[in-house]
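Enquirer: This is the structure, below, for whatever I ask next.
The values are calculated or read from the model by the stated rules, or taken from the named source; none is laboratory data. Not measured: the values here are computed from a predicted model. Methodologically, a virtual Cβ is constructed for each residue, glycine included, from the backbone with ideal geometry; neighbour enumeration extends over all protein chains shown. Side chains are part of the model used for accessible areas, which takes the heavy atoms of the whole protein and leaves out ligands, DNA and RNA. Shrake-Rupley method; radii C 1.70, N 1.55, O 1.52, S 1.80 Å.
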Amino acid sequence: MSAPPPTPICQRYRVGYALPSNKVQTFIQPSLVDQAKQKGVDLVPLDLSKPIVDQGFFHCIVHKLYGQGWNEQLKDYASKYPNSVIVDPPERIERLHSRVSMLEVVSRLEIPQLRLQLQGRGSESESESESESESLAVPKQVVVQDSEGLKSPELLLLKFGMKLPVIAKPVEADGSARSHDMYLVINSKGLKNLTTPIVVQEFVNHGGVVFKVYVVGDHVKCVKRRSLPDIPAPAPVTGEQEEQISSTSLSSEAEEVGLLAFSHISNSAAQSEEDDGNVNKAEMPSVGFVEAVGRALRQALGLQLFNFDLIRDCTSGSGHQYSKNKYYVIDINYFPGFAKMPCFEQVLSDFFLKCCHPTP
């Protein structure tokens with residue numbers, strides 16, 4: 001006996017999208033468009049050659065465009081169509097354009113309070129019980145505004161309690177080409193070769209695995225991916241330490257300049273079966289903990305579409321107490337590559353529908 005035809009959807013919803021061309025190619029896939037249509041949601045590209053206020057009513061607008069002109073357009077549109085949902089407000093997204101302000105939000109999260117919420121559910125499941133011992137932090141970091149601040153690398157690191165190697169990241173995280181220029185700094189010469197302003201962040205051994213946590217409204221999903229390999233436990237900031245770190249680098253050129261580009265490390269590690277094995281063997285954080293952090297960040301940021309990178313501290317050595325449940329948030333991205341998230345079509349279609357037709 002054949003299955004009955006699907007119930008026709010009387011109400012249809014228009015979701016307008018304004019995205020960079022590369023994001024359109026990766027995100028607006030036929031599978032997503034079809035899934036959304038089945039739920040009564042039509043994904044409509046906004047015509048950027050015309051004011052969006054003249055393009056009619058959209059139940060929801062999703063976007064990843066920046067600039068004062070675009071912000072003004074959204075403001076005018078919201079004034080004319082106050083019942084339309086804009087995902088997300090530009091002033092909230094801007095906080096994630098700085099690698100300083102994005103992590104300040106994490107520092108203010110009340111993780112003990114999150115644990116109490118988990119305990120208060122009354123569940124005795126293993127994942128929630130484990131979350132009681134899980135903790136969250138951000139790596140130590142400092143913004144160096146000019147080259148003068150890098151003239152004495154040893155003093156800089158000692159002042160802020162860091163040791164080589166360290167991570168160097170641009171202050172801006174706005175999706176520009178420069179915002180992706182990140183380096184592993186393996187010696188003091190590398191610090192002197194950095195272009196300022198720059199964020200210098202401590203490197204935390206994390207087993208070569210990063211947990212990418214996607215947040216889509218109230219949906220939180222964690223997946224694991226390959227990351228930078230571990231570095232042997234550091235000694236004090238001396239020439240001996242630099243020699244030890246250099247022996248683990250991937251090229252003599254990197255040793256000479258003291259810097260190793262993330263892209264170079266990723267390309268070299270791509271052929272390593274051992275790295276894939278590390279990812280496969282890595283234990284996931286408990287679901288309760290990940291969901292609690294994801295929802296707390298969503299509330300603190302006031303954003304609906306983002307992901308954050310979570311690493312588990314695998315550091316060991318003299319004076320360091322290893323804890324498998326110590327996690328760091330190292331990055332937060334607005335409107336990331338959701339197509340890499342399992343079942344992204346269903347998750348995003350449900351999210352669009354909820355935005356267009358919120359339940360009481």
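Enquirer: Does any residue of the stretch 308-323 turn out to be modelled with pLDDT of 95 or more and open to solvent by 60 Å² or more (accessible area, probe 1.4 Å)?
Expert: No: the stretch 308-323 contains no residue that is modelled with pLDDT of 95 or more and open to solvent by 60 Å² or more (accessible area, probe 1.4 Å).
Enquirer: What are the pairs with Cβ atoms under 7 angstrom where one residue, in the stretch 166-184, is open to solvent by 50 Å² or more (accessible area, probe 1.4 Å) and the other, located anywhere, is of a type in the set (Lys, Arg)? Sequence gap at least six, or different chains.
Expert: From residues that are open to solvent by 50 Å² or more (accessible area, probe 1.4 Å), the pairs are Glu172/Arg178.
Enquirer: Among the residues of the stretch 286-302, count how many are basic (Lys, Arg) and surrounded by fewer than 18 Cβ atoms within 10 Å (Cβ to Cβ). Write out each step before concluding.
Expert: Step one: filter the stretch 286-302 for residues basic (Lys, Arg), giving 295, 298.
So of that shortlist, the ones also surrounded by fewer than 18 Cβ atoms within 10 Å (Cβ to Cβ) come out as 295.
The qualifying residues number 1.
Enquirer: Could you list, in sequence order, all residues of the stretch 61-80 that are surrounded by 12 or more Cβ atoms within 10 Å (Cβ to Cβ) and assigned to a loop (DSSP other than H, G, I, E, B)?
Expert: Lys64, Leu65, Tyr66
Enquirer: Go through (1) open to solvent by 50 Å² or more (accessible area, probe 1.4 Å); (2) among the acidic types (Asp, Glu); (3) more than 24 Å from the chain's Cα centre (by Cα) one by one and return the number of the condition Asp42 breaks.
Expert: Only one criterion in (1) open to solvent by 50 Å² or more (accessible area, probe 1.4 Å); (2) among the acidic types (Asp, Glu); (3) more than 24 Å from the chain's Cα centre (by Cα) is unmet by Asp42, namely (1).
Enquirer: Now for a different question. Restricting to the stretch 81-92, what's the tally of residues that are part of a helix (DSSP H, G or I) and in contact with a Leu (Cβ under 7 Å, 6 or more places away or on another chain)?
Expert: Of the residues in the stretch 81-92, the ones part of a helix (DSSP H, G or I) are 90-92.
Still in the list and also in contact with a Leu (Cβ under 7 Å, 6 or more places away or on another chain): 90, 92.
Count: 2.
Enquirer: Taking the stretch 188-197 only, how many residues are over 13 Å from Gly149 (Cβ atoms) and out of contact with any strand residue (DSSP E or B) (no Cβ under 9 Å at 6 or more places or on another chain)?
Expert: Step one: list which residues in the stretch 188-197 are over 13 Å from Gly149 (Cβ atoms), which gives 188-190, 193.
Subset that is out of contact with any strand residue (DSSP E or B) (no Cβ under 9 Å at 6 or more places or on another chain): 188.
Here the count works out to 1.
Enquirer: Right, next: Which of the residues that make up the stretch 50-60 are in a helix (DSSP H, G or I) and open to solvent by 40 Å² or more (accessible area, probe 1.4 Å)?
Expert: Residues of the stretch 50-60 in a helix (DSSP H, G or I): 52-54.
Result: Asp54, single match.
Enquirer: Tell me whether the stretch 19-38 contains one or more residues that are open to solvent by 50 Å² or more (accessible area, probe 1.4 Å) and either of a type in the set (Lys, Arg) or in the same structural domain as Glu291 (by the TED database) (or both).
Expert: Yes, there is a match, as at least one residue in the stretch 19-38 is open to solvent by 50 Å² or more (accessible area, probe 1.4 Å) and either of a type in the set (Lys, Arg) or in the same structural domain as Glu291 (by the TED database) (or both).
Enquirer: I'm trying to understand the selection: among the residues of the stretch 185-211, which are in contact (Cβ under 8 Å) with a residue 12 or more places away in the chain and open to solvent by 50 Å² or more (accessible area, probe 1.4 Å)? Reasoning before the result, please.
Expert: Start the filter on the stretch 185-211 by keeping residues that are in contact (Cβ under 8 Å) with a residue 12 or more places away in the chain, which leaves 185-194, 196-211.
Correct list: Lys189, Lys192, Asn193.
Enquirer: Only residues that are in a loop (DSSP other than H, G, I, E, B) and either at pLDDT below 95 or not hydrophobic (A, V, I, L, M, F, W, C) (or both): list them for the stretch 288-307, please.
Expert: Gly302, Gln304
Enquirer: In this structure, does Val279 turn out to be modelled with pLDDT of 85 or more, in contact with a Ser or Thr (Cβ under 7 Å, 6 or more places away or on another chain) and among the β-branched types (Val, Ile, Thr)?
Expert: no
Enquirer: Counting only residues that are out of contact with any Phe, Trp or Tyr (no Cβ under 7 Å at 6 or more places or on another chain) and crowded, with 21+ Cβ neighbours inside 10 Å, how many does the stretch 337-360 have?
Expert: Residues meeting the conditions: 4.
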